[in-house]
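The values are calculated or read from the model by the stated rules, or taken from the named source; none is laboratory data. Here the structure is a predicted model, which means the values were calculated and not measured. No Cβ is skipped: glycine too gets one built from the backbone with ideal geometry, and neighbour counts run over all protein chains shown. Only protein heavy atoms, including side chains, enter the accessible area calculation; ligands, DNA and RNA are left aside. Shrake-Rupley method; radii C 1.70, N 1.55, O 1.52, S 1.80 Å.
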Amino acid sequence: MFPTFDSMGRAVTFGINLLKKTLNSEQFIYCIISDISDRVTDYVSGEYITICSAAKNELSPRQVQAGKLSSPAIPNDDALRSSAEKYSRSFHFAPISLTITTLNEGRIVEVNDEFLRNTGYTRSEVEGNTVFGINIWETPEVREKILAPLKNWKPVKNREIIFRHKNGELHNYIYSGEPVRIGDVDCIISNFFDITERKELEEALRISEEKFSRTFRAAPISLSITSLDDGLIMEVNDEFLRNTGYVRSDIIGSTVFNINIWEPPGDRDRIIPLLRQGQTIKNIEIRFRHKNGDLHNYIYSAEPILLDGVNCIISIFFDITEKKQLENALRLSEEMYKTIFESSGSAMGIVKNDLLVLVNDGMVKLSGYSKKLIEGRMTWQDFVIPEYVREIRKNARELGADEASLINQSEFRIKDIDGKIKDVYCLTALGPAPQQYVVTLIDMTEYNYLLGQINEISKREQQRVGELLHDNLIQYLTGISLLIRTLEIKKQTGRTIEMKDIRKLHDLISESLSLAKKLLKGLFLVEIDYEGLPSTLKNLATSVSEIYEISCSFEEENEEDDIDVIKATELYYIANEAVHNAVKHGDADTITILLRNSIDDITLEVTDNGCGFKDKNFRESSGFGLKLMKFRAKMVGAKIYIGNNSDGCGVTVTCRLRKNNT
């Protein structure tokens, strides 16, 4: 029931229940009633005592028994005034806005201090004015709509409204009001509190959540939100789905264990304790299993968050599988390049702006300088004989001018750390960077020396053949020519040609033919084309045994396939050199020549029981015989191995020629 005031002594009731709910203080209610009675005299005629009596009747018996309103008698004016003043202050200092206005006119009867603080008005500006006069409502129509229940004596509870402050700003409020009749005037007791800041925060939160949602969904890296304890998948973004191959319905509500995404499954356990402690996981490498079963490498970061009271993990990860594959390919490429660079068997270096920035061990061996002394400190001009510098620069400028000149070939001479002059064959190619070149140097000093020696041998052989022709065959041919002339003269003079003259002519011709055959054999040296390599090696063994009176035998394993005559000739000369070295330098009395034929290669092996090599560094020996054997093997693409026997007696020379080289 809604109480009323009656100024003519009739029963007066008041909306005590409303004030009880709003203020929760019966003394405060008593005070407000007292204060209102002074302010509504323009609308209500009657005795102050009537109001107080009505109020006292609405208060609880506890208050009366406690002495607050000790008897139905009218309290004296001083006590009432003191109480009214005390509790009026409580009204004015209440932490929410309070007003009393007339229902129909909207005239403002009373407001508290919080109302004035919120709206910016002063008390004199509002009391006695109307809500229309200060234009506090958004529009009069809105007021009518909001307050319509009050005209039917129904309360309004927690309605969201907009009030206009004195400075014109519109603020959001939560409004509650109940009707009350003071005398014959219908009034409204209202309370409301400003939620503008809350609304702004809510709007900011909504915008922030919308931005987060859009950013989360459209992020170019995979994102997920899972529960910390049981790995429940609460949300994932589109990139996560695109990468892993899942659809949203497959995984939302499932767990990371059900889809078996972690590999190994226990790998997740190493990060959970850290996240429980509130730590952040930064850029660790993990492996995830996609829907199709493929394993991918990811860089993973995670941070613990609390969502609706549940400990969760927001995870960020991006697929580095392709990057890892490229890195592995690059690493393998670099390792292969390094292997080729270091194991090429030639001197190699990278030159940038004339400076040697990188060299291999072959360059160290060729020059005699250490890598520390060369790299980044020496230029190629520090090695090259000055007379070749201009030509090398010219070739470098022309390099790459057209497709035919991607690699430049040249020969020049260099000086090593000891001042020794060396002949080199150089291949120059453009490097990956501007003014960068990759150079490969092949030491031709020994090769050129051997060629010179071979040329010298050839000249001496030519001289020897010339001497044989001059001293023997020409003498025989001259004798034949003279004998024929003698026979011709006898014929012309009628003298008888005797049989002894014919026999003498026959003997000279036979001896000439024999000598010519020997000379031809000296020129071709071996008759492999006619006899084959095994037969020739057998003849070599027989000849050595007879000449040096030692045991020299030939053995053959498996029948020999056809072999190129040139390559067979070089193998014969290697065997010949090895046999004669064993006799002359090794004092061997037993030599075995073995020719082994297998599926992949042909192996020539010469073993002796001589004294062997005394010097451990014999492979670096400057002996012409060893170098000549190596040179001949290299000429036909064969590999040659020379070393002492395991029992310490004698030497074994092994030359292996692969059949695809034959």
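Assess whether GLU556 counts as being at pLDDT 85 or above and within 60 Å of the chain's Cα centre (by Cα).
yes
Quick one: would you say ASN353 is touching a residue at least 60 places away in the same chain (Cβ under 8 Å) and open to solvent by 90 Å² or more (accessible area, probe 1.4 Å)?
So ASN353 fits the description; yes.
Closer than 22 Å to LEU513 by Cβ, open to solvent by 50 Å² or more (accessible area, probe 1.4 Å) and at pLDDT 80 or above: does that describe ARG485?
When the stated conditions are applied, ARG485 passes them.
Filtering the range 624-643 down to residues that are open to solvent by 10 Å² or more (accessible area, probe 1.4 Å), assigned to a helix (DSSP H, G or I) and hydrophobic (A, V, I, L, M, F, W, C), which residue is farthest from HIS580 (Cα to Cα)?
MET635
Scan LEU373, LEU326 and give me the residue that is under 30 Å from ASN297 (Cα atoms) and either hydrophobic (A, V, I, L, M, F, W, C) or in contact with a strand residue (DSSP E or B) (Cβ under 6 Å, 6 or more places away or on another chain) (or both).
The unique qualifying residue is LEU326.
Among residues belonging to the range 206-237 that are among the acidic types (Asp, Glu) and modelled with pLDDT of 85 or more, point out the one that is least open to solvent (accessible area, probe 1.4 Å).
Among them, the one singled out is GLU235.
Please identify the pairs in which a residue from the range 149-176 that is touching a residue at least 12 places away in the same chain (Cβ under 8 Å) and closer than 23 Å to LEU116 by Cβ has its Cβ atom under 6 Å from the Cβ atom of a residue that is open to solvent by 60 Å² or more (accessible area, probe 1.4 Å) and hydrophobic (A, V, I, L, M, F, W, C), counting only partners at least 6 apart or on another chain.
Taking only residues 6 or more apart or on different chains, the pairs are ILE162/LEU170; ARG164/LEU170; ILE174/PHE193.
Output the number of the condition that LYS199 fails; it satisfies all remaining conditions of (1) modelled with pLDDT of 90 or more; (2) surrounded by fewer than 16 Cβ atoms within 10 Å (Cβ to Cβ); (3) closer than 30 Å to LYS151 by Cβ.
The failed condition is (1).
Under 8 Å between Cβ atoms, which residue pairs at least 6 apart in sequence (or on different chains) link something in the range 91-109 that is in a strand (DSSP E or B) with a partner that is open to solvent by 10 Å² or more (accessible area, probe 1.4 Å) and among the aromatic types (Phe, Trp, Tyr)?
Filtered contacts from the range 91-109: SER97/PHE193; LEU98/PHE91; THR102/TYR43.
Inspect the range 395-410 for any residue being closer than 14 Å to THR440 by Cα, part of a strand (DSSP E or B), open to solvent by 40 Å² or more (accessible area, probe 1.4 Å) and not hydrophobic (A, V, I, L, M, F, W, C) and give the result as yes or no.
Yes.
Going through the range 276-308 one residue at a time, which ones are aliphatic (A, V, I, L, M) and either open to solvent by 50 Å² or more (accessible area, probe 1.4 Å) or closer than 16 Å to LEU223 by Cβ (or both)?
Within the range 276-308, ILE281, ILE286, LEU295, ILE299, ALA302, ILE305, LEU306, LEU307 meet the criteria.
Among the residues of the range 611-622, are any open to solvent by 20 Å² or more (accessible area, probe 1.4 Å), on the phi > 0 side of the Ramachandran plot, at pLDDT 85 or above and of a type outside the set (Ser, Thr, Tyr)?
No: zero hits.
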